[in-house]
Amino acid sequence: MRAVALGPYQLTASELSAVLAADRGGVPYLAYRAGDARLVLHALDGDLVTIGRAVENDVTVDWDPEVSRSHARLERVAARWTVVDDGLSRNGTFVGPDRVTGRRALEPGDLVRVGRTVLVVRAPAQQAVETVQAQDTAGAAKLTPAEHRVLVALCRPWAAASGGVASPASNQEIADELVLSIPGVKTQLRSLFQKLGVEELPQNRKRAELARRALATGLVRAADLAPPG
């Protein structure tokens, strides 16, 4: 069976178990592969995390020659984490494709690149929902109205779960809520799988990851999730 992906990294069964346990722990964290290919989960349980090649850093990236000795830092500002690059790094710090100049706020699921190393920002599902409530995202404009309605219906039971295992809505539940045919729901979901980059995941993981990404990126916001009238 194909391994589940965490950002750019493929996970073994034991690594996936560690990630799920960290997610349940309730503390935001960074996930990255060290020079020996180990998956490292670094808890963001303070207010400052330094990143660089020097051993004095909290996250020491000594295997990557493109990382500066003092490269970047993560700082907690109120309840949000930010990444800061004040120009100390020679090759820059990137969030996704964008180079960081000064300070940039981070969202759950963001990929922070220093040199050739990618650090994945992870946060519990509930924190991701709370973060996107106040987020003004332009991402929803990339979806058609029909796709957005299906995505909201898919996410509704996932976001409402509390203390148990979250499950996205089934095709039948989405069809019943939106008065659509099952083939119509499947058509919209296939498009959403492609647009949110989950089409290559195993079939039993696609729906949950689609819901997680929709909530973490703000494509579905808290205001969208009110029970249908």
Q: Over the alpha-carbon set of the range 4-122, divide Rg by the Kirkwood Rh and report the Rg/Rh ratio to two decimals.
A: 0.94
Q.
Given the whole protein assembly as supplied and a 1.4 Å probe, what does the accessible area of E107 come to in Å², nearest 10?
A. 30 Å²
Q: Hey, could you grab the Kirkwood Rh for the range 145-225? Inverse mean 1/r over distinct alpha carbon pairs, Å, one decimal.
A: 12.5 Å
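The values are calculated or read from the model by the stated rules, or taken from the named source; none is laboratory data. Owing to the predicted nature of the structure, the values given are computational and were not obtained by experimental measurement. Quick note on the areas: whole protein, heavy atoms, side chains included, nothing else; ligands and nucleic acids left out. Shrake-Rupley method; radii C 1.70, N 1.55, O 1.52, S 1.80 Å.
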